[in-house]
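K.L.:
Have a look at the structure that comes next, please.
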Amino acid sequence: MPLLVLASQSPRRKELLKRLNVPFEVIGSDIEEKFDLNLSPDQVAQSLAFQKASHIAKKYPNAQVIGADTIVVYENQILGKPHDENEAFQMISMLSGNTHHVITGVSIINSENQVTFYEKTEVTFWPLSEDEIKSYIQTGEPYDKAGSYGIQGLGSLFVKEIKGDYFNVVGLPIARLYRELKKLNFPLSL
């Protein structure tokens, strides 16, 4: 069976990839995330995913390497991971009572093929009080998450509505990934 490599240290992506029920290795890509400011948000997510996958694919040419990157977009502004409490507060305040998009770019690279795609999910937050936002930040959950929240954790308490793939918001659109791997003739079964 071909080796499957996840080019990400994200524990959430690792858990989701286990759903494919095939062995895989986790080898985090430590690239500096750079992108052209003229790219659209979906192009940014795909570019970052490709950079991560291609970095690891060079070291593992016989593997199917999966890179992924998730970004949160509100009014065409990309919200990355917050650097501090103040930045987390600003991001969550922006999202409060509003609708934003979560875009995950995914790149699959092997010695013969390269496929890059993205999924976009619309998420609407309930209006949040300043105290709710501050209490959430104190949990520490926002700090390693794009947009400063985790839908699979306490951040779920803020979500009023979601349109699209829930797992995309968690960090890996596993159903689409399954289909793309099948197109590449990667041996998968339910």
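K.L.:
Restrict the check to region 104-127 and report whether at least one residue is part of a strand (DSSP E or B), basic (Lys, Arg) and either surrounded by 14 or more Cβ atoms within 10 Å (Cβ to Cβ) or touching a helix residue (DSSP H, G or I) at 6+ places or on another chain (Cβ under 7 Å) (or both). Break it down stepwise before answering.
P.N.:
Filtering region 104-127 down to residues part of a strand (DSSP E or B) leaves 104-109, 114-125.
Narrowing the set further to residues that are basic (Lys, Arg) leaves 120.
Add one more test, that the residue is either surrounded by 14 or more Cβ atoms within 10 Å (Cβ to Cβ) or touching a helix residue (DSSP H, G or I) at 6+ places or on another chain (Cβ under 7 Å) (or both), and what stays is 120.
So far as region 104-127 goes, yes, one or more of its residues are part of a strand (DSSP E or B), basic (Lys, Arg) and either surrounded by 14 or more Cβ atoms within 10 Å (Cβ to Cβ) or touching a helix residue (DSSP H, G or I) at 6+ places or on another chain (Cβ under 7 Å) (or both).
K.L.:
Right, here's the next one. Regarding ASP69, is this residue assigned to a loop (DSSP other than H, G, I, E, B) and acidic (Asp, Glu)? If you could, list the steps in order and put the result at the bottom.
P.N.:
Values: assigned to a loop (DSSP other than H, G, I, E, B): no; acidic (Asp, Glu): yes.
No, not satisfied.
K.L.:
Something else: Looking at region 3-49, which of its residues are out of contact with any helix residue (DSSP H, G or I) (no Cβ under 9 Å at 6 or more places or on another chain), in contact (Cβ under 8 Å) with a residue 40 or more places away in the chain, of a type outside the set (A, V, I, L, M, F, W, C) and exposed (fewer than 15 other Cβ atoms within 10 Å of the Cβ)?
P.N.:
Across region 3-49, the qualifying residue is only ASN21.
K.L.:
In addition: Name the pairs whose Cβ atoms lie under 6 Å apart, with the first residue in region 163-190 and under 17 Å from LEU6 (Cβ atoms), the second small (Gly, Ala, Ser), and 6 or more positions between them or separate chains?
P.N.:
GLY171/SER10; LEU172/ALA68
K.L.:
Of everything in region 80-92, what is hydrophobic (A, V, I, L, M, F, W, C) and out of contact with any Ser or Thr (no Cβ under 7 Å at 6 or more places or on another chain)? Give them in sequence order.
P.N.:
The one that is hydrophobic (A, V, I, L, M, F, W, C) and out of contact with any Ser or Thr (no Cβ under 7 Å at 6 or more places or on another chain): PHE89.
K.L.:
Return the residues of region 155-179 that are assigned to a helix (DSSP H, G or I) and in contact with a Ser or Thr (Cβ under 6 Å, 6 or more places away or on another chain); say none if nothing qualifies.
P.N.:
Once the filter is applied, which keeps residues that are assigned to a helix (DSSP H, G or I) and in contact with a Ser or Thr (Cβ under 6 Å, 6 or more places away or on another chain), region 155-179 yields ASN168, VAL169.
We did not get these values from a lab; they are worked out from the coordinates using the rules stated. Here the structure is a predicted model, which is why all the values come from computation and not from measurement. Cβ: placed from backbone, ideal geometry, glycine included. Neighbour counts: every protein chain shown.
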